[in-house]
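I have placed the structure first, in the form of structure tokens, so that the comments after it can refer back to it.
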Amino acid sequence: MRGLMVAMAVALLMRREETRGEDGGLRALYSLCERMERSRSPSCLMERRWQGRSIDFTPCLTLRGGDSTTAKSEIKQDRENVEPSKEGAESPPLKSKRRLEGKKKKAKKTSDLEENSMKDFDSAELDACLKEIEEKSKKSEKTEDKNTSGEQKSGEKKKLKKRKSKATKKRKTKSNVPFRAWMDPVPSGQSLVPNLEAYDALFPLNLEWPTLSLDFMDDMSGQRLVVGTQAANPESNKVMMLDTCGLRRFKKRQEKKEPDPKAIPYSIAHNGTVNKVICMPQSPTIVASLSEYGTINVYDWDNVLRPAKIWSSEDSSQVPESNPGEGWALAWNLREEGILASGHNSGMIFLHYPKIKDKRSIAVEGHSSSVECVCWSPTEASVLATSSSDRSIKFWDISSDSFHCALTIEEAHEDPDSNIYLVRKLLVSGGEDGAIKVWNLQDLKSQKTTTKSLAPIAVLNFHKSAISSVNWHHKDPTMLVAACREECVSIWDFSLEKDDVANDIEAKYGLMELPPQLLFLHYGQKEISDAKWHPLLPNVVFSSCSDGIHIWKPSTL
């Protein structure tokens, strides 16, 4: 019986442990052990007085090792020593005596059962029970730790979800504003990649060396391109003619998969870097080049396999000065065949006649600083415009043998260097400060020989670095392409104006700072040196840079 009670006590402790937790179960177990230590005597007798009678209770729990015979003798002695009832007290009735006898018999049976059960009970079982309880308490600790860690993780996950939801909300709010390459900084480790949906065509041509200038042989095919190289070794430089194939397949490229255009190179040796190269419009196979040493060479590319040098400023006795110095400006006359103008860093301007044998070159000191660009009028053969780093633009009359300056625009740009291009009645200039200005030639006719008060009809202050090239469209007189040296190539249309609908759209997408005349921006090139419209393919642009040439056509044109 005692073994059963111990098992029941352990079970109760385990239940209490599950319900109360670790502390409650262990405390109950410690109290049980203390009681067991106190009850290590051979026997325990508990007496209770009730109506003058003594009722004995046998111990409910004893440890093994106690002498049961001595316990019985002590019980008998205690029963014999019970005090008699008080005088005059009546003896209990027969029913009560029978009840007492029945209880005594039951007590004897229970004592016998307890003795038999105590034989089977061992202290090792109690130790096993204690170990089980300790193990379960440890498991409960682990589960609690896991629950707490799981709660912490769930809390962290909730925080991350909140942050992600906030980030997504911010992205949704900013999704209407695209990445603005002209003002948004590019993150470190990232680079700009062109969106092909904005182009009808985009093909890079990689060259062995960088190129500073390009021009087209304006023949019926329109596929031949002339470039000059800038090699590390001056003797390795070349004037190259690239015979491109597949340039007419831009429209069918989206409908049908066709190969990218290819370029077959033909070259001729050139001493020094080619600063400028240009083709004669009257005979496209005649090509002129200007080197870093100031020499001018003229080549005939009628036979592409064996191009011939037909004229050079070094060998000709008709040039007034043998070495005029390095130059960057070179242009053929658009109306009269065979007249070539050049500008040099010394400020000198030359007129050469390579096709006329006995014609001597004309030289004039045109500017106080280096000449950056020369340009002929497309309508008048005797009008030449020059720009210089002295911030002036001059117009020259070459109707007589000794040409003279007819008009000067002083302080045309804030920074010294500038490039110019004439078309009919408009002159466009791009400065070192990034500004693009348009001048009306009709206003110039009413001015005196020197003017400071003449204002341009349009000023574009969009670019932040120097303008290396500006060119009007050969068919649309209001469109031009400008090459910004460190940024991009831009296309402009001066016939456009802002309206209310455009203001709402630009405000929605964060494009209020863009000028209304801006049509397209082409990024992805470094150190852009030149950009020109193709003479036959509509709205196709060729732009040269340090890593080659890009052939591209915007989808908006």
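The values are calculated or read from the model by the stated rules, or taken from the named source; none is laboratory data. The shown structure was predicted, so the numbers you read here are calculated from the model rather than taken from an experiment. Glycine gets a Cβ as well: all are built from the backbone with ideal geometry, and neighbour counts include every protein chain shown. Ligands, DNA and RNA are stripped out before the accessible areas are found, and what is left, the full protein with its side chains, is counted by its heavy atoms. Shrake-Rupley method; radii C 1.70, N 1.55, O 1.52, S 1.80 Å.
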(message) Please go through segment 269-289 and give me each residue that is open to solvent by less than 30 Å² (accessible area, probe 1.4 Å) and either touching a helix residue (DSSP H, G or I) at 6+ places or on another chain (Cβ under 6 Å) or part of a strand (DSSP E or B) (or both), ordered by number.
(response) 272, 274, 275, 277, 278, 279, 286, 287, 288, 289
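Table: residues versus (1) open to solvent by less than 90 Å² (accessible area, probe 1.4 Å); (2) more than 30 Å from residue 239 (Cβ to Cβ); (3) modelled with pLDDT under 80.
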position: 167; (1), (2), (3): yes, yes, yes
position: 171; (1), (2), (3): no, yes, yes
position: 175; (1), (2), (3): yes, yes, yes
position: 187; (1), (2), (3): yes, yes, no
position: 192; (1), (2), (3): yes, yes, yes
position: 196; (1), (2), (3): no, yes, no
position: 203; (1), (2), (3): yes, no, no
(request) Could you tell me whether segment 415-426 includes any residue that is touching a Leu at 6+ places or on another chain (Cβ under 7 Å), over 17 Å from residue 278 (Cα atoms), in a loop (DSSP other than H, G, I, E, B) and of a type outside the set (Gly, Ala, Ser)? (result) yes
(request) State whether one or more residues within segment 401-408 are farther than 18 Å from residue 443 by Cβ and touching a Ser or Thr at 6+ places or on another chain (Cβ under 6 Å). (result) no
(request) Kindly indicate whether any position in segment 392-399 is under 22 Å from residue 334 (Cα atoms), crowded, with 21+ Cβ neighbours inside 10 Å and touching a helix residue (DSSP H, G or I) at 6+ places or on another chain (Cβ under 7 Å). (result) no
(request) Looking only at segment 519-526, decide whether some residue is open to solvent by less than 20 Å² (accessible area, probe 1.4 Å), modelled with pLDDT of 90 or more, touching a strand residue (DSSP E or B) at 6+ places or on another chain (Cβ under 6 Å) and among the aliphatic types (A, V, I, L, M). (result) no
(request) Tell me, please, whether a residue that is among the aliphatic types (A, V, I, L, M), in contact with a Phe, Trp or Tyr (Cβ under 8 Å, 6 or more places away or on another chain) and surrounded by fewer than 21 Cβ atoms within 10 Å (Cβ to Cβ) can be found in segment 484-498. (result) no
(message) Looking only at residues that are surrounded by fewer than 20 Cβ atoms within 10 Å (Cβ to Cβ) and of a type outside the set (S, T, N, Q) in segment 541-552, which one is modelled with the highest pLDDT?
(response) 548
(request) For residue 310, indicate whether it is outside any loop (DSSP other than H, G, I, E, B), among the aliphatic types (A, V, I, L, M) and under 30 Å from residue 243 (Cα atoms). (result) yes
(request) Name the one entry in 255, 235 that is open to solvent by 80 Å² or more (accessible area, probe 1.4 Å) and modelled with pLDDT under 65. (result) 255
(request) Select from segment 459-501 the residues that are acidic (Asp, Glu) and not in a strand (DSSP E or B) and list them in ascending order. (result) 476, 486, 487, 497, 499, 500
(request) Go through 202, 214 for me and flag whichever is in contact (Cβ under 8 Å) with a residue 40 or more places away in the chain, in contact with a Lys or Arg (Cβ under 9 Å, 6 or more places away or on another chain) and either more than 24 Å from residue 556 (Cα to Cα) or of a type in the set (S, T, N, Q) (or both). (result) 214
